[in-house]
Amino acid sequence: MQKDIKKTTKELIKNIGKTVSLVWHNSPVLVISLIGLGVLISLVPFATSGARALVIDQLVASSKVGSISGRLAVAVGLLLAASFVPSLLFTLQRYLSKVFWFFTDSLFEMAIVKKRGELDVALYESPEHNDLLVRVNENGVWRLQNFTDRQFYIIQDVVQVVVATIILSAFHWWLVVVLLVGTLPELVVEAKYGKETWGIYGAKAEVRRRYWSLRRYFDSVEGVTELRLFQNVKSFFEKIRSLFIDFQNEQRKLEKSKLLAQISTVTFAQIAIVVAVWWSALEVVHGHILVGVFTFLLSSIGDFRSALSSFFQNMARQYEDSLFVTDIFHLLSLEAVVAKPLSGKRLVKNKVPDILFENVSFAYPNTEKLVLQNINLHIPAGHRLALVGVNGSGKTTLVKLLCRFYDPTKGQILINGTDLREIDLESWYSQLGILFQQYAQYRFPVKEAIAQGNSEKPFSMAQVKSAGLL
């Protein structure tokens, strides 16, 4: 357990470092502005409660002499200023936070989309990596945005806790200890249930993958049309509902358990506050502090408790989100399964290639079963060939090897006498026109669809079909 916490804490620190580096590199001015505003806002409660305490003490003093002193006028002016400035700061913070949200939304979303476009097909077909993609898809950008944005509020909490600690320690050090002990269980509870939330997504990844696999049939005209024609709407709906409820029930149990724990921690924290407030009231009764100072002390106790609680909750949420953020950085750091040559051989344009399979055998990753075994096949340039076989005989796998989605387990594929592993893939793909059983359709007008193609060569039938022109 201790080793697990240590590992997760390291991941949290590492993820904070990565996100800070990323946003700082792209917008340092915005980062500095948000940090500066956060520090100023963290000081506002103490300035307000201090001005209020000063007004109260000056009112008490003025009532004794029966006249308004200059100090009272100054105190009232400070209180009015302390009431106006926060509104201005909060308005500016909301605006900059919105700007920062747009900035991170674009930065992170584009990074993930770009990376997904670079991933090998082999990674998409791997169950392990497919589960990772599902988690990132469901919890990706908004989790990473919250994780990044929350760091500014954590800085604000830290400054507020430090200032409150200094103020309370000036009265008595044990006030800080009592409030700290009273609030600490909140961090434990939030961190514990944050990890369990991530654990549900990890343990139920297969359920989520199955859910989205069936759910997509309800997202397209083709899917809904087919479901209705074959009278499968009810059957598919029941399967989807069962998977959804299965996943949600785990979350409901977790939230119920979390609620009971939170009620206990809030009650414990409230007892600590009662002790601190009672001691402060006794100090006033014994004449050790003035009434205005008492109100300032009460506000400082409340600010310390609020800031510490906010800090613990934010750190617990960082801990929870960090587990999902780790998934995102894992995705962004995935390396190619199919290694591209540093300076691959480029094929001659518009020249039909000669294709040769030499003793090709292949087994999919993490399996030992050979789908293809000792395949020798020669397709001379200009010849046509049809592959016919039962389902599962390896026809699609052979085409995938020809596309170099995978490399052969044994043997080699030669294009014009050169091993496919030594050929520039972009050059090779410019020679291919492929239409798989499940092809993509692009919803573009005809002119725009044609513009997506390579103007230097004619459209292939696969491109025409996938563009929705047929």
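The values are calculated or read from the model by the stated rules, or taken from the named source; none is laboratory data. The structure presented is a predicted model; accordingly, all values stated were derived computationally and were not measured. Here Cβ is always computed from backbone atoms with ideal geometry, including for glycine, and neighbour counts include all displayed protein chains. Note: areas computed on protein heavy atoms with side chains; ligands, DNA, RNA excluded. Shrake-Rupley method; radii C 1.70, N 1.55, O 1.52, S 1.80 Å.
Rg and Dmax over the alpha-carbon atoms of region 70-109 stand at 17.5, 58 Å.
Here is how the number arises for the chain: DSSP H runs of 4 or more residues each give -39500 (n - 2.57), the sum is divided by the residue count, and the result at 222 nm is -24500 deg cm²/dmol.
With N the number of residues in region 6-112, Rg(Cα) / (2.2 N^0.38 Å) evaluates to 1.67. Volume of the convex hull of region 327-391 (Cα atoms only), normalised per residue: 196 Å³.
Where the alpha-carbon atoms of region 254-294 are placed on the principal axes, they occupy 50, 14, 7 Å, in descending order. At full extension, H25 and A336 could sit 109.4 nm farther apart than now, given 0.36 nm per residue minus the alpha carbon distance. Rounded to the nearest 20 debye, the dipole magnitude of the chain is 620 debye, with +1 charges on Lys and Arg beta carbons, -1 on Asp and Glu beta carbons, and the Cα centre as origin. In whole percent, what relative contact order does region 355-435 give with Cα contacts below 8 Å and a gap of six or more residues? Value for region 355-435: 34 percent.
Once you divide the Cα radius of gyration of region 237-333 by 2.2 N^0.38 Å, the number left is 1.77. The relative contact order of the chain comes to 19 percent, based on Cα pairs under 8 Å that sit 6 or more residues apart. When the alpha carbon coordinates of the chain are projected onto the principal axes, the ranges are 111, 46, 45 Å, largest first.
Between G417, S257, N366, the Cα set farthest toward the positive side of the dipole of the chain (charges on each charged residue's Cβ, about the Cα centre) is that of G417. Surface exposure of region 300-441, expressed per residue as accessible area with a 1.4 Å probe, stands at 56 Å². Over the C-alpha atoms of region 278-354, the Rg to Rh ratio, Rh being the Kirkwood estimate, stands at 1.67.
The length gained on full extension between I271 and A170, counted as 0.36 nm times the residue separation minus their Cα-Cα distance, comes to 34.2 nm. Each Lys and Arg adds +1 at its Cβ and each Asp and Glu adds -1 at its Cβ; summed about the Cα centre, region 42-148 shows a dipole of about 860 debye.
The calculated FRET efficiency for the pair V188 and N359, based on their C-beta separation and a Förster distance of 41 Å, comes to about 0.10. On a per residue basis, region 210-250 carries 75 Å² of accessible surface, using protein heavy atoms and a 1.4 Å probe.
Using the Cβ-Cβ distance between S427 and I245 with R0 = 60 Å, the FRET efficiency computed as 1/(1 + (r/R0)^6) comes to roughly 0.75. Enumerate by residue number the GluC sites (Glu not before Pro) in region 322-395 meeting two conditions: DSSP loop (anything except H, G, I, E, B), and at most 15 other Cβ atoms within 10 Å of the site's Cβ. Here the sparse-neighbourhood loop sites are E335, E368. Here region 257-402 is treated as a Stokes sphere of Kirkwood radius computed over C-alpha pairs; at 37 °C and 0.692 mPa s its diffusion coefficient rounds to 138 µm²/s.
Share of pairwise Cα-Cα distances greater than 16 Å in region 360-422 is 47 percent (whole percent).
Ignoring ligands, DNA and RNA, what percent of the 1.4 Å accessible area of region 311-381 is carbon and sulfur? Heavy-atom surface of region 311-381 belonging to carbon and sulfur, 1.4 Å probe: 53 percent. Across region 157-162, computed HN-Hα scalar couplings (Karplus, 6.51 cos²θ - 1.76 cosθ + 1.60, θ = phi - 60°) run 4, 4, 4, 5, 5, 4 Hz from first to last residue, x flagging Gly and Pro. Counting only protein heavy atoms and using a 1.4 Å probe, the accessible area of D246 comes to about 60 Å².
Full extension of the chain segment joining H286 with T9 gains 95.0 nm, where the gain is 0.36 nm per residue of separation less the Cα-Cα distance.
Evaluated on region 52-171, the Kirkwood hydrodynamic radius is 19.6 Å, with distances taken between all distinct Cα atoms.
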